Amino acid sequence: MAKQVTDRESSAESVAAAADTHTEKIRQAFEEQFGKHLRGKEKMPDMGLALALVGRALRATSEALVEASSVHDAELADDAAPREARDGAAAELVSRTVGIRSTVDTVYGQAGLKALGLDGRTPTDSKAILEHARNLIKQLAEPKLVWPKPLQSGVKLSPAVWIGELEGPVKRLAEARKDVAREERELQATGVAKAKAMSAQDTMFSGGAGFISATLALVGERDLAEKTRPSARRAGTTAAIEEAGAGAGDGTAEIPK
C-alpha cells in the first residue's frame, strides 16, 4: 500500500486515539474552564462526546480510504497477466511475420513483398502488428493474388501454411487486447474511487484533527494539541508525521497512483 495512504491512516488513528483516551479529562477541563460562563437555562455541552464523535468519523473515512486503496492495488496486480498475454502474442506475430517476409524476399524479392504488403517495416506495437497480420492473412488468402516471377527457380511457397501459423496468435492477441482494455477501464474506476476516498479523508482530517487539536489547546493540553495538529503542507497527516518523514526521500505524492 502506498505510503501516502499509510501515513494518512496512522495520522487518523493517532488523533482519534488521543480523543478517545482523553475524553473524560477534556470534558472535565472544559466544564471547569467555561462552566462559569453559562447563562440562564443554558447547559454545558459534552465536549468529551463531541471529540469522541469526531474521532469515530476520522476512523471511518480512514478505513474507507484504506479499503479503496486495497481494491486499487489488487486491480493493479490483476493487470499483469493480460498484459503478458498481449505482449507474448504480439511478439509471436512479429516473429512469424518477419519470417514470412524474409522468405518472400528471398524467393520473390521486392516485388513479392509489395504484393503482400510487406514492403515496409514490420510494426511491433500490439495494435499495429495485429492489423498488419490480418492484412497479410487477407492477402495470402486472396484467390486473385498474382505472384511475381521468382528469383529462384524450383521453389514453391504454401500460403495456406502461413495462414494457419498466423491465425492462432492473431486470435490470442485480439482477445488479450480486449482483456487489457477492460482491465484499464477497471483500473481507472478504482483509481477514481481511491482519489475520492482520499479527498474525503483529507477534508475530514483537516477539520476533524484541527477541531480536536484546538480543543485540546483550549483546555490547556498544549503538548497533546501539538501532536494532533494537522500539517499545513501535507494533506491528511499530522505535523508530527510530516516532520518525522521530512528529508527521508519517501517520494510521497498527493496524487493517487
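The table that follows gives values for the structure above.
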quantity	calculated
Region 1-58-region 80-97 distance, computed between alpha-carbon centres (Å)	57
Too-long pairs where the Cα-Cα distance tops 31 Å, listed order kept, from K3/K171; K138/K178; K149/K171; K36/K227; K43/K194; K3/K25	K3/K171; K149/K171; K43/K194; K3/K25
Packing-based order for 121-128, 63-70, using average beta carbon neighbours within 10 Å, highest first	63-70, 121-128
Normalised contact order of the chain, rounded percent, pairs of Cα under 8 Å and 6 or more residues apart	26
Estimated FRET transfer efficiency (V146, E167; beta-carbon r; R0 22 Å; 0.05)	0.40
Simple spin-label estimate for E32 and L157 in nanometres, 7 Å along Cα-Cβ	9.6
P(r) of region 104-173 over all Cα-Cα pairs, binned every 5 Å from zero, in whole percent	3, 16, 25, 26, 18, 8, 3, 0
Calculated [θ] (222 nm, deg cm²/dmol) that DSSP helices of n ≥ 4 give over the chain, each run adding -39,500 (n - 2.57)	-26000 deg cm²/dmol
Potential extension, A200-E131 segment - 0.36 nm per residue separation minus Cα distance	20.4 nm
Cα-centred dipole magnitude for the chain, charges only on beta-carbon of K, R (+1) and D, E (-1), debye, nearest 20	1040
Pairwise label distance in nanometres, A214 with V192, each label 7 Å out on the Cα-Cβ vector	3.5
Cα-based shape type of region 112-151, given that a ≥ b ≥ c are square roots of the gyration tensor eigenvalues and the cut on a/c is 1.5	oblate
(1) 1, 6, 13, 17, 20, 17, 12, 7, 4, 2, 0, 0; (2) 1, 6, 12, 15, 14, 12, 10, 9, 7, 5, 3, 2, 1, 1, 1, 1, 0, 0, 0; (3) 1, 6, 10, 10, 9, 7, 6, 6, 5, 5, 5, 5, 5, 4, 4, 3, 3, 2, 1, 1, 0, 0, 0, with the label sought being that of the calculated P(r) over Cα pairs in 5 Å bins from 0, in percent	(3)
Neighbour-count order for F205, F34, F211, fewest beta carbons within 10 angstrom listed first	F34, F211, F205
Gaussian network model of the chain, Cα within-10 Å springs - most flexible of K171, K138, K36	K36
Principal-axis tilt of helix 47-78 within the chain, Cα atoms, nearest 10 degrees	10
Proxy reagent accessibility, fewest Cβ within 10 Å first, across E24, E175	E24, E175
Gained length - A181 relative to D105, 0.36 nm times residue gap less alpha-carbon distance	23.8 nm
Residues of region 1-29 with amide N under 16 Å of the 7 Å Cα→Cβ point at L76	1-9
Listed residues D119, D78, D87, most fluctuating in the chain (Gaussian network, C-alpha, under 10 Å)	D119
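Every number here is computed from the coordinates shown, using simple stated rules; none is lab data. In this text, all values refer to a predicted model and were calculated from it rather than measured experimentally. Positions of Cβ are backbone-derived with ideal geometry, glycine not excepted, and every protein chain shown enters the neighbour counts.
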